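Student: Dropping the structure in here first, questions after.
What follows draws every value from the coordinates through simple rules; no lab data is involved. None of these values were measured; they are calculated from a predicted model. When we count neighbours, we look across all protein chains shown, and the Cβ atoms used for this are built from the backbone with ideal geometry, even at glycine.
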Amino acid sequence: MTAMPHAPDSTRAGWPWAGLLAVLVVLLLDRWCLSEARDWSQVFRRIDAERHLESGLAKDRMQLRKLDRLHPAYATAVVLGSSRAGAGFQFETHPKDVRARIGKLAHAGLNPLELRSMLGEIAEREPTVALLLLSEFDTHAPLRLVPHAMGDDLGAVWELAVATPPGFVFEHRTDLLRMLLVGVLNGYRFRSVLGAAGLDAGRHFASDERWPALDAERPLPALGRRVPMPREVELLIAEGGVFPRQAAAAIRQQASQLLGLAHGAQAEVQTGLVRALVAGLREAGARVVILEGPLHPLAAHLRQPDLRAEFLSFMEELVVDAGVTFVPLTEQPSYSPAEFGDLTHLNEIGARKLSDVALEQLTRAFEAQAVPGDPNAGR
């Protein structure tokens, strides 16, 4: 009997070409469907305002898209920071105009690690100026690992693994693996955003079933420690009448964060991440301006007294080594207790003062960056 000829086998040459092609197609579709070039405004509108991290991540996509669509003649600035920068920089309602577009990536969950992980996406927009709001509240905070808040720059994961002690890397290897997957698949990176918007039907990652529950009620992986709040501070918050009672829960959390600020390994990692972020922004051609972020006067009683001096020393290092423009609190208007909404965020009155300082610095930076013949010269 004559044997029937076999169908061509793509693996006989040694490579499963059909499978590799399928993987390539999936990766390309993943990038195209969930890129910042898509219209994320519909996703953003579906997310509950109380989901601060998810709504902020969706808004980041919208802000990056806004910078993408700029005319080449426009000067651009990107504002980077946590919710403190989000509350403190109110350019949208500010009467002044710096004659440039400002993209604002500033919301809850954007700490030095997350900002460093977004460096590639920021740098490829070639911003004229990058404006950051930082203080010891950022550079000396415990390091928290929140994989779904990360960007797609895998270099940040490598830098984190090198900077942290081996025991920390081994203990939290699952979260580091998740961070790597976030950098490869947008569908995995934005799963929490899509879930918050009710758009996750039919999307499932079986790998998470074998890992510890991602959203379970468990302490975040951290380098550092939480410090119990002293009883007298608890009484001051609860009965002192300093803040509205409805803000008590947020203030307790902020007080715990302030008590957890410390020297040592956590500060070394956080400052290293800031240093890498600044270096990448400078390589992309951006002038970097850092404003010292104000804290409520009560914060001085909740943190170690010498942390601010160490933060200022680090800023001086960035000024000398990286050409950063730094504006300390001594060169800003004073902020009274009445200008804070809580321990770490300015209210609308305080935000107007901080925005004045920021816009003045942006204008100076645009003028310094302009060259003869540049359409932005003289702005």
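Student: Once phi is turned into θ = phi - 60°, what whole-Hz ³J(HN,Hα) does the Karplus curve with 6.51, -1.76 and 1.60 give for every residue of segment 308-324, x standing for Gly and Pro?
Tutor: 5, 4, 5, 4, 5, 5, 5, 5, 4, 4, 5, 4, 6, 7, 10, x, 6
Student: Now, a different point. What number comes out for the charge environment of PHE44, summing +1 per Lys or Arg and -1 per Asp or Glu over other residues with Cβ under 9 Å away?
Tutor: Cβ neighbours under 9 Å give a net charge of +4.
Student: With θ taken as phi - 60° and the coefficients 6.51, -1.76 and 1.60, list the Karplus ³J(HN,Hα) couplings across segment 137-154 in order, rounded to whole Hz; mark glycine and proline as x.
Tutor: The phi angles translate into 5, 9, 7, 10, 7, x, 7, 9, 9, 10, x, 6, 9, 7, x, 9, 7, 5 Hz.
Student: What percent of all Cα-Cα pairs in segment 88-190 falls into each 5 Å bin, going from 0 up to the bin containing the maximum distance?
Tutor: 2, 11, 20, 21, 18, 13, 8, 5, 2, 1, 0
Student: Let me ask something else about it. Amide H neighbours of ARG101 under 5 Å, counting only residues 5+ apart in sequence or on other chains, H built in-plane at 1.01 Å?
Tutor: Under 5 Å from the amide H of ARG101 lie the amide H atoms of ALA75, ALA77, each far enough along the sequence or on another chain.
Student: Moving to a separate point now. Tally Lys and Arg at +1 and Asp and Glu at -1 over the other residues with C-beta under 12 Å from the C-beta of SER313: what net charge comes out?
Tutor: Around SER313, the surrounding residues sum to -4.
Student: Given labels modelled 7 Å from the Cα in the Cβ direction, how far is it in nm from ARG352 to GLN42?
Tutor: 3.9
Student: When Lys and Arg each count +1 and Asp and Glu each count -1, what net charge do the other residues less than 12 Å away from ALA130, Cβ to Cβ, add up to?
Tutor: +2
Student: Turning to a different aspect of this structure: Give the whole-number value, in cubic angstrom per residue, of the convex hull volume spanned by the C-alpha atoms of segment 246-335.
Tutor: 127
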